[in-house]
1. Taking springs between alpha-carbon atoms closer than 10 angstrom, which of E54, E117, E137 fluctuates most in the Gaussian network model of the chain?
2. Rounded to a whole number of µm²/s, how large is the Stokes-Einstein D of the chain at 20 °C and 1.002 mPa s, given Rh as the Kirkwood radius over C-alpha pairs?
3. Can you give me the % of accessible surface on segment 89-135 that is carbon or sulfur? Probe 1.4 Å, all protein chains present, nothing else counted.
4. Just list whichever of K30/K151; K24/K59; K21/K151 have alpha carbons separated by over 25 Å in the model shown.
5. Can you give the net charge of the other residues whose Cβ lies under 13 Å from the Cβ of I31, counting K and R as +1 and D and E as -1?
6. What is the magnitude of the charge dipole of the chain about its Cα centre, with +1 placed on the Cβ of each Lys and Arg, -1 on the Cβ of each Asp and Glu, and no other charges, expressed in debye to the nearest 20?
7. Once the Cα gyration tensor of segment 28-134 is found, what semi-axes does its equivalent ellipsoid get, as square roots of 5 times the eigenvalues, in whole Å, sorted largest first?
8. Sorted by accessible area (1.4 Å probe), largest first, how do D45, D32, D142 line up?
Amino acid sequence: SYEQLTGDPDPTGLTNQTYIKTLKIYIIGKIDVGVRQLGGIWAFDHKTASRLGETFWAKWPISPQMKTYCWALWKIFGEVPMGAILNVLVVRKPTRTGTSIDFQRQSFQYPEETLREWEHNTLLSVSNFVAMAVQNEFPPNDANCIRIYGKCPYYDVCALPKASRLPYLYTSVYAPVTWDPTSEK
């Protein structure tokens, strides 16, 4: 209800509707380097990998991370960046040629239309999240339960029957999240 979200009584007297007067959206991240060179502004990002190939490089032209960095640089500098340049240090067991360390770089362009679409889609995602919060409904995102770095910290919650999830979150297994990205220096 409005009162639960704001602490104030619903000014309209309608109890089945929620009103959100202002919603500030913070996008938090760390761009490794933003530079002006090669005819424009570029977001540089540095990665490490144990192997490269078509699959590794295929994800970057559509990468939300790189689009976010370019969008942020656009907002900071007032000029649409040319794109992102990815520096990749590959560390692996020596290949047949004896090479165990390699460096590769590729650039990816994100035109203004792409960055506007990213912004629109991000606002839709936030809108969907707010709608779910108002309804107190949060469907699990099963596609991200297990990723390259292991299981999501809430994997065990999602694996439970729906009626058991919320009570489990209130057990000693999970502590309240107190991290505030806006207070980091």
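1. With Cα springs under 10 Å in the chain, the top fluctuation among E54, E117, E137 is at E54.
2. D = 104 µm²/s.
3. 53
4. Exceeds cut-off: K24/K59; K21/K151.
5. Local charge sum for I31: +1.
6. Using Cβ point charges on Lys, Arg, Asp and Glu, the chain gives about 900 debye.
7. 30, 18, 11
8. D142, D32, D45
The values are calculated or read from the model by the stated rules, or taken from the named source; none is laboratory data. Quick caveat, the model's predicted, so the values are computed rather than measured. Using ideal geometry, Cβ is built from the backbone for each residue, glycine included, and neighbour counts are taken over all protein chains shown. Just the protein is used for accessible areas: all its heavy atoms, side chains included, with ligands, DNA and RNA removed. Shrake-Rupley method; radii C 1.70, N 1.55, O 1.52, S 1.80 Å.
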